[in-house]
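Below you'll find the structure, written out as structure tokens, and then a few comments.
The values are calculated or read from the model by the stated rules, or taken from the named source; none is laboratory data. Source: prediction; values computed, not measured. No Cβ is skipped: glycine too gets one built from the backbone with ideal geometry, and neighbour counts run over all protein chains shown. Surface accessibility is based on the protein's heavy atoms, side chains included, excluding ligands, DNA and RNA. Shrake-Rupley method; radii C 1.70, N 1.55, O 1.52, S 1.80 Å.
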Amino acid sequence: MKSAAVVNFAPAKGSVEIREIEKPEIGEDDVLLEVANVGVCGSDLHQWTADHSWPVNYPVVLGHEFGGHIAALGKRVVGWKEGDRVVSETAAVIDQNNPMSRKGLYNLDPTRKGFGYGVNGAMTRFVRVPARCLHAVPTQLGFEQACLTEPCCVAFNAVVENSRLKPGDRVIVIGPGTIGILCAAMARLCGADVALVGLEADRQRLDVGKIYGCEGIVGDAAAWAKQRDGLGADCIIDAAGASVTLKNAMQWVRPNGHITKVGWGPQPLGFSLDPIVQKNVTLQGSFSHNWPIWERVIALMAGGRLDVKPIIGGVWPVTEWHEAFEKMHSGAVVKSVLKPA
Ligand SMILES: [Zn+2]
């Protein structure tokens, strides 16, 4: 039986098309996951527009934010059964003996390969998933929401693990894309006062941030940062895809404050980092997520404390991937979700 899949087949710009693919073979430690929903990520768009900076194993099925039912199990898989509702982590291939993996930080194993670029992803009906990637999804959490566990975990790692916010902190999140909005929502859950900062063209997405109780600011957030005592924000979370935003972050952060970078930009810096020294600021990177973060985020989503519905702009069959990608690319929606055709 063949199924339609969104395939990124070459490095040239626009090299994405629907192809009919066979049901994947699974290994002894894998399950066959029947996809219910899969989120479109900014990185899927980057592979489509060929402005990504990571190696891709062409041709590859896109999609790494997904959930569904277990359709078959490998011989050695224990603890799961056919029909179980699950979401999958993204680290499809890791070296279990890498010292980072042994520490539980397999997200930082440099040999890690993810779904959608290293191995076939989930923008199709069936995907092969190692059982160690699975997490159970309670029935009250629908898959259209559950498939977005992954970006929520990115936000949890940036905001909770890597920024250690405290109630009452004043936090500025730069960049109102999916990750920025979810970081802002997560900071609200931590009890922070939050401003979400974007450009003129981001007004619609800043309004989505307001649903999570965040202030929306176009352009300069210096006044908001200094509003309480004149010194600046406790933490800046940079979720923009441009290096230059670090300059704003250094300006808006208070002495002894914290800057966490979760957005990437390959552009070189054209300014001095001296404010980091002078203000005694911590500059922290944040990448991906691991098992305990997934368990915690699913609990937050299933318990209704973290609701991703406000960011979902629509659900399209995979065969209409182009419209779903285009809507996100133009900024008309924050997040597009697909389902098998
Ligand atoms: Zn992603």
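Scan the stretch 277-293 and give yes if some residue there is open to solvent by less than 50 Å² (accessible area, probe 1.4 Å), under 22 Å from Gly209 (Cα atoms), modelled with pLDDT of 95 or more and of a type in the set (A, V, I, L, M, F, W, C), otherwise no.
Checking the stretch 277-293: not a single residue is open to solvent by less than 50 Å² (accessible area, probe 1.4 Å), under 22 Å from Gly209 (Cα atoms), modelled with pLDDT of 95 or more and of a type in the set (A, V, I, L, M, F, W, C).
Which residue out of Gly104, Gly74, Gly63, Gly27 is at positive phi and over 19 Å from the mean Cα position of the chain (by Cα)?
Numbers: Gly74 fails: at positive phi; Gly63 fails: over 19 Å from the mean Cα position of the chain (by Cα); Gly27 fails: at positive phi.
Answer to the selection: Gly104.
Within the stretch 74-84, does at least one residue satisfy the condition of being within 14 Å of the ligand (Cβ to nearest atom) and of a type outside the set (Val, Ile, Thr)?
Step one: of the stretch 74-84, the residues within 14 Å of the ligand (Cβ to nearest atom) are none.
The answer is no, given that none of the residues of the stretch 74-84 is within 14 Å of the ligand (Cβ to nearest atom) and of a type outside the set (Val, Ile, Thr).
Restricting attention to the stretch 160-181, report how many residues are away from the ligand (no atom under 11 Å from the Cβ) and within 18 Å of Arg205 (Cβ to Cβ).
Of the stretch 160-181, the ones away from the ligand (no atom under 11 Å from the Cβ) are 160-176, 180-181.
Pick out the ones that are also within 18 Å of Arg205 (Cβ to Cβ) and you get 171-176, 180-181.
Residues flagged as away from the ligand (no atom under 11 Å from the Cβ) and within 18 Å of Arg205 (Cβ to Cβ) within the stretch 160-181 amount to 8.
Given the residues Val127, Val119, Val87, Val93, which is the only one that is within 16 Å of the ligand (Cβ to nearest atom), open to solvent by 10 Å² or more (accessible area, probe 1.4 Å), β-branched (Val, Ile, Thr) and closer than 21 Å to Cys41 by Cα? Walk me through how you get there before you give the answer.
On the way: Val127 fails: open to solvent by 10 Å² or more (accessible area, probe 1.4 Å); Val87 fails: open to solvent by 10 Å² or more (accessible area, probe 1.4 Å); Val93 fails: within 16 Å of the ligand (Cβ to nearest atom).
Exactly one residue qualifies, and that residue is Val119.
Kindly indicate whether any position in the stretch 129-140 is assigned to a helix (DSSP H, G or I), within 18 Å of the chain's Cα centre (by Cα) and modelled with pLDDT of 95 or more. Let's see the steps before the verdict.
First pass over the stretch 129-140, keeping only residues assigned to a helix (DSSP H, G or I): 131-133.
Next, from what is left, pick out any that are within 18 Å of the chain's Cα centre (by Cα): 133.
Next, only the ones that are modelled with pLDDT of 95 or more stay: 133.
Within the stretch 129-140, one or more residues are assigned to a helix (DSSP H, G or I), within 18 Å of the chain's Cα centre (by Cα) and modelled with pLDDT of 95 or more.
What do you reckon, is His69 within 16 Å of the ligand (Cβ to nearest atom) and open to solvent by 10 Å² or more (accessible area, probe 1.4 Å)? Reasoning before the result, please.
Working: within 16 Å of the ligand (Cβ to nearest atom): no; open to solvent by 10 Å² or more (accessible area, probe 1.4 Å): yes.
Here the answer is no, as His69 does not meet what is asked.
Of Ala50, Ala36, Ala5, Ala12, which residue is away from the ligand (no atom under 16 Å from the Cβ), open to solvent by less than 10 Å² (accessible area, probe 1.4 Å) and either at pLDDT below 95 or not basic (Lys, Arg) (or both)?
Details: Ala50 fails: open to solvent by less than 10 Å² (accessible area, probe 1.4 Å); Ala36 fails: open to solvent by less than 10 Å² (accessible area, probe 1.4 Å); Ala12 fails: open to solvent by less than 10 Å² (accessible area, probe 1.4 Å).
So the residue among Ala50, Ala36, Ala5, Ala12 that is away from the ligand (no atom under 16 Å from the Cβ), open to solvent by less than 10 Å² (accessible area, probe 1.4 Å) and either at pLDDT below 95 or not basic (Lys, Arg) (or both) is Ala5.
Are any residues in the stretch 96-112 among the polar types (S, T, N, Q), in a loop (DSSP other than H, G, I, E, B) and open to solvent by less than 30 Å² (accessible area, probe 1.4 Å), and if so, which ones?
In the first step, residues of the stretch 96-112 are kept if they are among the polar types (S, T, N, Q); the result is 96-98, 101, 107, 111.
Still in the list and also in a loop (DSSP other than H, G, I, E, B): 96-98, 111.
The one that is among the polar types (S, T, N, Q), in a loop (DSSP other than H, G, I, E, B) and open to solvent by less than 30 Å² (accessible area, probe 1.4 Å): Asn98.
Among the residues of the stretch 214-230, write down those that are under 15 Å from Pro255 (Cα atoms) and open to solvent by less than 90 Å² (accessible area, probe 1.4 Å).
Hits for the stretch 214-230 are Ala222, Ala225, Asp229, Gly230.
For Leu165, indicate whether it is in a loop (DSSP other than H, G, I, E, B), over 10 Å from the mean Cα position of the chain (by Cα) and under 22 Å from Val262 (Cα atoms).
Details: in a loop (DSSP other than H, G, I, E, B): yes; over 10 Å from the mean Cα position of the chain (by Cα): yes; under 22 Å from Val262 (Cα atoms): yes.
It is true that Leu165 is in a loop (DSSP other than H, G, I, E, B), over 10 Å from the mean Cα position of the chain (by Cα) and under 22 Å from Val262 (Cα atoms).
Go through the stretch 177-213 and give me each residue that's open to solvent by 50 Å² or more (accessible area, probe 1.4 Å), among the acidic types (Asp, Glu) and in a helix (DSSP H, G or I). Break it down into steps so the answer makes sense when it comes.
If we filter the stretch 177-213 for residues that are open to solvent by 50 Å² or more (accessible area, probe 1.4 Å), which is where we start, we get 188-189, 193, 199-201, 203-205, 207, 210-211.
From what is left, the residues that are among the acidic types (Asp, Glu) are 193, 200, 207.
Within the stretch 177-213, Glu200, Asp207 qualify.
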